[in-house]
Amino acid sequence: MSKRKAFITGLSGQDGSYLAEHLLEKDYEVYGMIRRHSDAESQDTRVVHLFDKGLIEADYGDLLDPSSINRLVALVKPDEIYNLGAQSHVRISFDIPQFTMQTNVVGTLNLLEAYRTICPTAHFYQASSSEMFGNEIDSDGFQRETTAMKPVSPYGCSKLAAYCIVRNYRNSYGLFASNGILFNHESPRRGANFVTAKIARGAAAINLGLQDALTLGNLDSYRDWGHAKDYVRAMHLILQHHEPDEFVISSKESHSVRDFCHAAFGYYDLDYKDYVKQDPKFMRPEELKKLQGDSSKSRKALDWEPDYNFSELVEDMVSSWESRFKTEAREA
Ligand code: NAP
Ligand code: GDD
């Protein structure tokens, strides 16, 4: 029997790299799209190790360039499409709102059109986000598939528009197109300007004497944090479900940024209050105060459970940054 083929946009990102690894372990043929960077060394650092593990292609393309998407989708004729490519940073979406909208909304539409016209029997995964809820919370304190969505950032608005167009294509054209509504998920591969990576990196650097202080923004927002390795497993399961649908993926726990600092510095028996400073430049014009996802539907329907808890996530990130610093020091 021939292998199933997966096509991933955003291959070079945190999730793209873990998803490619997961699908290769499941014996898929994995194809991905990467963007051209002027610094060529940086464009595929998260996936370069996968070529030895069977990654087929990491071709140049861009969600804003329909010709590249049509070319790649026609070339691969995938069984499964994972649309992970996005301008994914919430605060930066206030600085580059038009690029964020173009990439996350028009880019998704470009890919849906290629899917609908070239391989309509494929299964399509859209990387939707808990940021779409904004500050809406059900009376029990959770967000779930049925919670109202009132985003509070250009990023959240873009993800809500993409979510809607995916549902619209599913209903209009009978496509197997699903939305994974994923709450925050982190890992040692998380971009260093997201808060968990910034804290993990800062705690490790301060402990090694490489840095004196760590400057953050709002310490009192709450997030539902899980591990990216667990969440890419859920993406795959969503496309194996018997019908397309919307699925919340979350840890069901909510912790503050302050809690994350406490745990990360606590790994070294340090008190974060001695090192963490605040600067308004890292605050947002409008803040999403609390996320806590109810993933009961997905856990039951997909038989999905996370392997990592909050402390294991923090430990994995801090220890990995420590190893990275030590390796750099040895190689210097
Ligand atoms: P990430 O690390 O920022 O990766 C985003 C990827 O999208 C990168 O490979 C990036 O390429 C690519 N990209 C950006 N603009 C593009 C464009 N115009 N055309 C093609 N590719 C483009 O994000 P992530 O954490 O892996 O998240 C994956 C997806 O899940 C994103 O859609 C994100 O919005 C969504 N999501 C993430 C979370 C989370 O907590 N991580 C939660 C919910 C939803 P470059 O490296 O070249 O910039
Ligand atoms: N980035 C950042 N940097 N955030 C900070 C900082 C800082 O120095 N200091 C405090 N924070 C706070 C933010 O204000 C926010 O309340 C919280 O930390 C988390 O910020 P991020 O790590 O940037 O993540 P996010 O929640 O805004 O967005 C992530 O999760 C979404 C799902 O809810 C991203 O991965 C999105 O792509 C994803 O959709």
- Once the Cα atoms of the chain are picked out, what are the Rg and Dmax in Å? 19.6, 60
- Message: Going 7 Å from the Cα of Arg4 along its beta-carbon direction, which residues of segment 22-47 have the amide nitrogen within less than 18 Å of the resulting point?
- Response: 22-32
- Query: With contacts defined as alpha carbon pairs under 8 Å and 6 or more residues apart, what's the relative contact order of segment 139-269 in percent?
  - Reply: 30
- Message: Please report, in whole Å³, the volume per residue of the convex hull around the C-alpha atoms of segment 116-261.
- Response: 135
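Tell me the mean residue ellipticity at 222 nm calculated for the chain from its helices only (DSSP H runs of n ≥ 4, each -39500 (n - 2.57), averaged over every residue, nearest 500).
One gets -12000 deg cm²/dmol as the mean residue ellipticity at 222 nm.
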- Message: Using the Cα centre of segment 285-332 as origin and beta-carbon charges of +1 (Lys, Arg) and -1 (Asp, Glu), tell me which of Ser296, Trp321, Ala332 is placed farthest towards the positive end of the dipole.
- Response: Ser296
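Placing unit charges on C-beta atoms (Lys and Arg positive, Asp and Glu negative, everything else neutral), compute the dipole magnitude of segment 208-332 about its Cα centre in debye, rounded to 20.
Taking the Cα centre of segment 208-332 as origin, the dipole is about 220 debye.
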- Item | Under the Debye formula (equal points on every Cα, no solvent term), log10 I(q)/I(0) of segment 223-324 at q = 0.17, 0.22, 0.23, 0.24 Å⁻¹ | -0.91, -1.17, -1.22, -1.26
- Task: For Asp269 and Glu25, compute 0.36 nm times the residue count separating them, minus their Cα-Cα distance, and round to one decimal in nm.
- Result: 84.1 nm
- Task: Can you pull the one-decimal nm distance between simple spin-label points at Lys252 and Arg284, each 7 Å off the Cα toward Cβ?
- Result: 2.5
- Please name which of Leu112, Val90, Met132 has its Cα lying farthest along the dipole of segment 84-154 towards the positive end, using unit charges on Cβ (Lys, Arg +1; Asp, Glu -1) and the Cα centre as origin. Leu112
- Query: Placing +1 at every Lys and Arg Cβ and -1 at every Asp and Glu Cβ, with all other atoms neutral, what dipole size does segment 170-273 have around its Cα centre, in debye to the nearest 20?
  - Reply: 280
- Query: What dipole magnitude, in Debye to the nearest 20, does the chain give about its Cα centre under +1 on Lys/Arg Cβ and -1 on Asp/Glu Cβ?
  - Reply: 600
- Here the FRET efficiency for Glu331 versus Thr117, based on Cβ atoms and R0 = 35 Å and rounded to 0.05, is 0.10
- Determine how large the accessible area of Glu243 is when every protein chain is in place; take a 1.4 Å probe and give Å² rounded to the nearest 10. 90
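Sorted by mean Cβ packing within 10 Å, highest first, what order do the peptides 263-275, 225-237 take?
Peptide ranking by packing, descending: 225-237, 263-275.
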- Item | Percent carbon-and-sulfur accessible area, the chain, ignoring ligands, DNA and RNA, probe 1.4 Å | 47
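Report the calculated FRET efficiency for Asp303 and Asn193 (r = Cβ-Cβ distance, R0 = 41 Å), to the nearest 0.05. Please report the intermediate quantities before stating the final value.
Numbers: r = 35 Å, r/R0 = 0.85.
Between Asp303 and Asn193 the formula returns 0.75.
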- Return a whole-number percent for the relative contact order of the chain, with Cα pairs under 8 Å and 6 or more residues apart as the contact set. 17
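The values are calculated or read from the model by the stated rules, or taken from the named source; none is laboratory data. Remember, it's a predicted structure, so these values are computed and weren't measured experimentally. Cβ sites come from the backbone with ideal geometry, for glycine too, and all protein chains shown count toward neighbours. Side chains are part of the model used for accessible areas, which takes the heavy atoms of the whole protein and leaves out ligands, DNA and RNA. Shrake-Rupley method; radii C 1.70, N 1.55, O 1.52, S 1.80 Å.
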